[in-house]
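Have a look at the structure below before the remarks.
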Amino acid sequence: MSVFSENFLWGGAIAANQCEGAWKEGGKGLTIQDFVKGGSADEPRMFTPVIDETLYYPSHEAVDFYHRYREDIALCAEMGFSCLRLSISWARIFPNGDDETPNQEGLDFYGRVFDECRKYNMEPLVTLSHFDMPWGIATKYGGFLDRRTIDLFVRYAETVIRCFGDRVRYWLTFNEINFGVLQMGAFNSLGLIEKRMLKGADPVPKTELKAPLGKRIQALHHQFLASAMTVRKAHEIDPDLKVGCMLSHITQYPLTCDPEDMLETQRKDRILNKFAGDVMVRGAYPTYIRRLFEEEGICLKMQPEDVSVLQQGTVDFYAFSYYMTNCSTVRTDVERVNGNLMGGAKNPYLQTSEWGWQIDPVGLRYTLNQLWDRYEIPLMVVENGLGAIDRIENGQIHDSYRIDYFRRHIQALKEAVSDGVEVMGFTSWSPIDSVSAGTGEMRKRYGFVYVDRDDNGTGSFQRIKKDSFAWYKRCIETDGEVL
Ligand code: BG6
């Protein structure tokens with residue numbers, strides 16, 4: 001008998017800027033991602049303050065979901081998905097971010113997408129903001145550092161929740177909101193771009209788009225408020241709507257049992273993983289963060305009402321991405337590995353993916369248990385998957401490595417459920433190949449469905465089922481019994 005509940009949500013997750021393309025169609029405004037070129041694991045993606053249309057920008061066409069959503073949703077339905085996580089591009093609804101009225105063509109597009117999901121009894125799970133702030137908000141307001149951006153976001157959120165609340169019951173506010181504590185999150189997550197970066201026309205590595213920790217924390221505070229206000233608004237519109245937070249959980253292990261490594265692990269885990277979750281689930285800043293703020297000279301500007309806004313806007317469920325784990329240590333002479341959002345010390349017990357991310361299925365069980373013990377609210381794994389190079393042989397893709405990755409992670413998920421953890425669902429990252437968020441590559445593929453598109457922007461966009469397609473279909477059909 002299956003360990004999963006009857007309503008368990010099985011499916012996959014995609015994001016607008018990585019799959020839709022059609023960057024100038026349907027009245028869409030520009031987003032910060034439209035200015036970023038492709039890179040690789042060794043070569044940073046370049047940001048160009050002015051778009052040079054002779055160059056290739058992955059988000060401009062991505063994998064053409066905008067025109068092929070019917071085919072893609074049908075493929076997901078064929079695998080038996082009961083849930084499709086996707087994001088709305090804010091700039092399709094408010095092209096400049098601060099427009100007086102929403103763009104009807106954008107609303108119509110998502111209306112058609114959600115109707116298509118409903119046709120197959122697929123529950124849409126919608127991320128309101130997945131790394132693609134409207135360019136107008138980033139440049140005119142300075143992203144989330146400006147308090148006015150809170151209202152712009154909430155107005156956008158209210159617009160789409162009112163419009164689609166009848167078809168979309170599950171919502172996520174910000175993708176991987178904890179990214180804001182990291183330097184790399186300044187641009188992607190918070191929309192912070194220094195004025196001087198906008199002046200010349202010369203491309204700059206995306207890694208140079210930085211902001212001091214104090215500014216990032218202030219902007220993150222505004223995101224927390226925007227999220228909390230959205231939760232309240234959604235519940236006012238319909239008390240049955242469920243709104244979750246979404247974090248990238250980069251589980252930390254101590255590299256050794258040296259007490260200093262233990263403390264370092266706790267410190268990192270708190271800042272990176274626990275801080276944002278604590279604020280959004282518990283509705284208040286955790287006490288441990290005060291010391292960090294003091295040590296870093298951070299003086300958070302708060303309005304008197306902020307405390308109650310956070311208190312009254314706690315989330316209904318906790319969603320997270322899980323790809324890997326890392327080790328923490330105070331030692332500097334250790335081997336290091338790459339990772340999602342950040343690297344860490346190498347764990348001698350784990351293998352890595354082709355992009356150097358440590359593969360750790362057991363860590364998923366550990367993470368789910370940790371989160372459940374801490375929050376006791378429903379959890380959902382909304383991203384998990386293996387970025388790998390796939391090869392076409394006689395029109396087929398034999399991705400046994402991906403099947404192996406999922407088999408072991410879903411086994412761990414089952415163990416966690418048997419441990420007593422309440423898990424609402426599991427959506428694999430990018431069931432249809434899409435552009436990599438980190439490197440902008442197409443060759444880093446996650447899908448059960450291959451898309452004919454390469455890193456130079458050529459290819460027919462043809463969809464081809466990989467071996468993992470039939471495997472995941474069987475997994476869902478048997479509710480995770482046959483892995
Ligand atoms: C998560 C993001 O961090 O990881 C996704 O939410 C992203 O947008 C995924 O695609 C995988 O990372 P990458 O860099 O391999 O695309």
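Observations on the model:
- Whole-Hz ³J(HN,Hα) from phi, Karplus 6.51 cos²θ - 1.76 cosθ + 1.60, for segment 74-83, glycine and proline x: 4, 5, 5, 5, 4, 6, x, 4, 9, 8
- Charge tally in the Cβ shell below 10 Å around Glu123, where Lys, Arg are +1 and Asp, Glu are -1, Glu123 excluded: +4
- Partners for Lys195 among lysines (Cα-Cα distance below 16 Å; same-chain residues under 8 apart left out): Lys140, Lys206, Lys210, Lys215
- Long-range amide H partners of Phe174 with built H, under 5 Å: Met246
- Our summary gives the chain a relative contact order of 18 percent, counting only alpha carbon pairs under 8 angstrom and 6 or more residues apart.
- Normalised radius of gyration (Cα atoms, divided by 2.2 N^0.38 Å) for segment 288-343: 1.72.
- Taking 16 Å as the straight-line reach from the Cα of Lys274, none of the lysines fall in range once those fewer than 8 positions away in the same chain are excluded.
- Here segment 176-289 has an Rg and Dmax of 17.0, 52 Å, counting Cα atoms alone.
- In summary, the lysines within cross-link reach of Lys119, defined as a Cα separation below 24 angstrom excluding same-chain residues under 8 places away, comprise Lys242, Lys465, Lys473.
- Remark on segment 135-218: hydrodynamic radius 14.2 angstrom, per the Kirkwood mean of 1/r across alpha carbon pairs.
- Evaluated over segment 416-483, the Cα radius of gyration and Dmax, each in Å: 15.2, 48
- Full extension of the chain between Glu335 and Gln312 yields a length gain of 3.8 nm, computed as 0.36 nm times the residue separation minus the alpha carbon distance.
- Pairs of Cα atoms in segment 188-242 fall into 5 Å distance bins, from 0 up to the last occupied one, in shares of 4, 16, 19, 14, 12, 11, 9, 8, 5, 2 percent.
- With eigenvalues of the C-alpha gyration tensor scaled by 5 and rooted, segment 1-150, Å: 29, 18, 16
- The HN-Hα couplings worked out from phi for segment 19-33 by the Karplus form 6.51 cos²θ - 1.76 cosθ + 1.60 (θ = phi - 60°) are 10, 5, x, 6, 5, 10, 9, x, x, 5, x, 7, 10, 4, 6 Hz, whole numbers, x standing for Gly and Pro.
- Computed packing ranks the peptides 343-350, 318-325, 276-283 as 318-325, 276-283, 343-350, most packed first, by mean other Cβ atoms within 10 Å.
- Note: relative contact order over segment 1-132, using C-alpha pairs below 8 Å and six or more positions apart, is 34 percent.
- Taken along its three principal axes, the alpha carbon spread of segment 85-174 comes to 41, 23, 18 Å, from the longest extent down to the shortest.
- Sorted from greatest to least, the principal axis extents spanned by the alpha carbons of segment 329-375 come out as 35, 26, 21 Å.
- Within the accessible surface of segment 376-483, defined with a 1.4 Å probe on protein heavy atoms only, the carbon and sulfur portion equals 44 percent.
- Whole-number D in µm² s⁻¹ for segment 294-379, Kirkwood Cα-pair radius fed into Stokes-Einstein, 20 °C, 1.002 mPa s: 132
- Principal semi-axes of the equivalent ellipsoid, √(5λ) from the alpha carbon gyration tensor of segment 311-441, are 26, 21, 15 Å from largest down.
- Accessible surface of segment 304-353, 1.4 Å probe, proportion on carbon and sulfur as whole %: 46
- Excluding ligands, DNA and RNA, the accessible surface per residue across the chain is 39 Å² with a 1.4 Å probe.
- Its Cα gyration tensor gives the chain an equivalent ellipsoid, and the semi-axes of that ellipsoid, as √(5λ) in whole Å with the largest first, are 29, 28, 24.
- Relative contact order for segment 370-483, counting Cα pairs under 8 Å that sit 6 or more residues apart, in percent: 27
The values are calculated or read from the model by the stated rules, or taken from the named source; none is laboratory data. Just so you know, these numbers come straight off a predicted model, no measurement behind them. Cβ: placed from backbone, ideal geometry, glycine included. Neighbour counts: every protein chain shown. In case anyone asks, the SASA skips ligands and DNA or RNA and just uses the protein heavy atoms, side chains included. Shrake-Rupley method; radii C 1.70, N 1.55, O 1.52, S 1.80 Å.
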